[in-house]
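Following: one structure in structure tokens, then a few remarks.
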Amino acid sequence: MDADPHEVALWVLLKRACSANRTTRLSAVQELAQNHHWHDYQYQTAAQAIDQRTALGLARTSQVDQRFFLSPPVLPWVEDRLSVEDGLRQLLASLPQSEVDQCVQYFTSLALRESTQSLAAQRGGLWCFGGNGLPYAQSLTSVPSEKVESFCLQALVQHSKSHCNHIVANGGLQLLQRVYQLRRDSPKIQRNIVRIIGNLALNDSVHQAIVQSGWVPVLAEMMQSPHIIQASHAARALANLDRDTVKEKYQDGVYVLHPQCRTSQPIKADVLFVHGLLGAAFKTWRQKDCDPTEEEKAAGASEDYTECWPKSWLAADCPNLRVLSVEYDTHLSDWRAKCPVENQRMSLAYRSRELLKKLKSAGVGDRPVVWVSHSMGGLLVKKMLLDASRDPDMRELMKNTKGVMFYSVPHHGTFMAEYSVNVRYLLFPSVEVRELCRDSPALEFNVLSFAETMPTTIGPMIKILVVPTQSADLGIGDLVQVDVDHLNICKPEKKDSFLYKRSLQFIQDALKGYTSH
């Protein structure tokens, strides 16, 4: 009778969160997270009492209080970073090398070679790095251990797609936790680690091991990062872990920009963003870079800048859309060294096959979808639609494609292709891709093309129109010329700019009946 009502409410919610009834437990998790009157000791009680499913639900709730989570397990003390590097090297060396992708073999051998050079340098002499074609030597005092760790992590990213159980069995989760904590000063290293965790989380059999090794609080904290890239990597990993509300699986390189948290808002359609050559899932879609005037600075205009307009603007204007962005590596890694089979991987045919598999896993095609593409990404979208039209398993994707938006896509090639064999390979699409829409009456959807009219500055001396209007004109749908260059054609200057408003209008028209609030 003397019990604190809040105390009683807490225990009732904790019990309901474990209910066999899914609706009951989802409601309890939401209520737990939304009540902000708990005392510190009550948060501690909840952190010790909640089960794995509840912890994941809380982690995927917007602005959840971090006190709901136990701190990651304390790891044994190590004297220096060298033993961490050695741990990464040993983990890599323990993973299977036979019957794996040639690129995985290549990345692994390069990472082991560079980490061995670093270890040798610690014992004396100069450290020489020549693996990426930029040889240089540095003295003992400045061995770039972060670079070596990055190499090892890049190799582990590749292994995590096929050797999940080996990584977990060989202590990889704990080792990665240690590197993550040691590298608080390196967002890039932390992102690669969380990318690995997101790949491991595709396997339900290791979910318990991931939770027990302390990754839920780490991911919950990263998900609240103001930096969109950090938050999106964490959101992907948590979505792959949350089997209670997420049926889709997000493969490496597929990111949900909205909704990143659990939501009661029904998702009625998808908008999928595909970047171009040398682009990326986030940076391609940032707001146009511009220097604000002194008056704008005083008014706080720069604070409104968005790293990713599909996440910040489109999600707000169309909250019941799922907004996805995909990433495919132009060089497969951050290393300048190239994988021996990279040329094959750079083909539109290879990328189309790979992305279609990933998108099917993410549930793309189950509901109406609009494709948004920049530059070479548009050729890839056309190739995927062509491949999907010929695949009986992809009929739903074709049926549900309601629109395609092209930002400066070289439908008919570009003279830029003369500068590089690789670029020529990519930017001169096959006839079947060039003629996709004209010769395929079955592909019935809305089309909008934007064309650049300003030259792009390339290096200190060259200014060229990368994709002339005649190449950007598919011959179907509307063609809109915009006074921007190739890089900024997909980067609206502000939310009320013509470029964004016309893009939004196209998406809403193509998905009429699906985008209302």
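Between 199, 192, 203, 240, which is surrounded by fewer than 17 Cβ atoms within 10 Å (Cβ to Cβ) and either touching a Leu at 6+ places or on another chain (Cβ under 6 Å) or closer than 28 Å to residue 47 by Cβ (or both)? Full working, then the answer.
Values: 199 fails: surrounded by fewer than 17 Cβ atoms within 10 Å (Cβ to Cβ); 192 fails: surrounded by fewer than 17 Cβ atoms within 10 Å (Cβ to Cβ); 240 fails: surrounded by fewer than 17 Cβ atoms within 10 Å (Cβ to Cβ).
Answer to the selection: 203.
Does any residue in the range 374-388 that is basic (Lys, Arg) come within less than 6 Å, Cβ to Cβ, of a residue that is in a helix (DSSP H, G or I) six or more places away or on a different chain, and which pairs are these?
Filtered contacts from the range 374-388: 382/433; 383/348; 383/352; 383/433.
When residues of the range 158-182 are filtered for being within 18 Å of residue 223 (Cβ to Cβ) and not in a helix (DSSP H, G or I), how many remain?
Within the range 158-182, the first condition is being within 18 Å of residue 223 (Cβ to Cβ), and the residues that meet it are 176-177, 180-181.
Remaining after also requiring not in a helix (DSSP H, G or I): none.
Matching residues across the range 158-182 total 0.
What number of residues in the range 380-433 are at pLDDT 70 or above and part of a helix (DSSP H, G or I)?
Just the residues of the range 380-433 that are at pLDDT 70 or above, to begin with: 380-413.
Filter once more, keeping what is part of a helix (DSSP H, G or I): 380-389, 392-400.
Result for the range 380-433: 19.
Go through the range 14-74 and tell me which helices (runs of 4 or more DSSP H), entirely inside it, have 3 or more residues that are under 28 Å from the mean Cα position of the chain (by Cα).
Here the list reads 22-34, 52-59.
Does the range 271-289 contain any residue that is of a type in the set (Phe, Trp, Tyr), assigned by TED's automatic domain parsing to the domain that holds residue 405, part of a loop (DSSP other than H, G, I, E, B) and at pLDDT 90 or above?
Scanning the range 271-289, I find at least one residue that is of a type in the set (Phe, Trp, Tyr), assigned by TED's automatic domain parsing to the domain that holds residue 405, part of a loop (DSSP other than H, G, I, E, B) and at pLDDT 90 or above, so the answer is yes.
Give just the number: which of (1) touching a helix residue (DSSP H, G or I) at 6+ places or on another chain (Cβ under 8 Å); (2) in contact (Cβ under 8 Å) with a residue 60 or more places away in the chain; (3) surrounded by fewer than 16 Cβ atoms within 10 Å (Cβ to Cβ) does residue 481 not satisfy?
Here residue 481 clears every test but (2).
Anything in the range 243-264 that is surrounded by fewer than 24 Cβ atoms within 10 Å (Cβ to Cβ) and touching a His at 6+ places or on another chain (Cβ under 9 Å)? List them, or say none.
243 - this is the single residue of the range 243-264 that is surrounded by fewer than 24 Cβ atoms within 10 Å (Cβ to Cβ) and touching a His at 6+ places or on another chain (Cβ under 9 Å).
Applying the selection to the range 311-327, what residues are surrounded by fewer than 21 Cβ atoms within 10 Å (Cβ to Cβ) and hydroxyl-bearing (Ser, Thr, Tyr)?
Answer for the range 311-327, where residues must be surrounded by fewer than 21 Cβ atoms within 10 Å (Cβ to Cβ) and hydroxyl-bearing (Ser, Thr, Tyr): just 312.
On the basis of being over 20 Å from residue 397 (Cβ atoms) and in a loop (DSSP other than H, G, I, E, B), does residue 230 make the cut? Write out each step before concluding.
Details: over 20 Å from residue 397 (Cβ atoms): yes; in a loop (DSSP other than H, G, I, E, B): no.
Criteria not met by residue 230.
Residues of the range 495-514 being free of Cβ contacts under 8 Å to residues at least 60 places away in the same chain and charged (D, E, K, R), which ones?
If the condition is that a residue be free of Cβ contacts under 8 Å to residues at least 60 places away in the same chain and charged (D, E, K, R), then 496, 501, 502, 512 are the ones that fit.
List the number of the failed condition for residue 234; all other conditions in (1) surrounded by fewer than 23 Cβ atoms within 10 Å (Cβ to Cβ); (2) in contact (Cβ under 8 Å) with a residue 24 or more places away in the chain hold.
For residue 234, the failing item is (1).
Given the criterion modelled with pLDDT under 95, within 23 Å of residue 74 (Cα to Cα) and among the hydrophobic types (A, V, I, L, M, F, W, C), identify the matching residue among 156, 219, 182.
Values: 156 fails: within 23 Å of residue 74 (Cα to Cα); 219 fails: modelled with pLDDT under 95.
182 is the lone residue from the list that is modelled with pLDDT under 95, within 23 Å of residue 74 (Cα to Cα) and among the hydrophobic types (A, V, I, L, M, F, W, C).
Determine if the range 360-368 includes at least one residue that is under 20 Å from residue 157 (Cα atoms), surrounded by 15 or more Cβ atoms within 10 Å (Cβ to Cβ) and modelled with pLDDT of 95 or more.
At the first step, the residues of the range 360-368 found to be under 20 Å from residue 157 (Cα atoms) are 361-362.
Narrowing further to those that are surrounded by 15 or more Cβ atoms within 10 Å (Cβ to Cβ): 362.
Pick out the ones that are also modelled with pLDDT of 95 or more and you get 362.
Within the range 360-368, one or more residues are under 20 Å from residue 157 (Cα atoms), surrounded by 15 or more Cβ atoms within 10 Å (Cβ to Cβ) and modelled with pLDDT of 95 or more.
The values are calculated or read from the model by the stated rules, or taken from the named source; none is laboratory data. As the structure is a computational prediction, the values presented were derived from the model and not from experiment. Cβ atoms come from the backbone with ideal geometry, glycine included; neighbour counts cover every protein chain shown.
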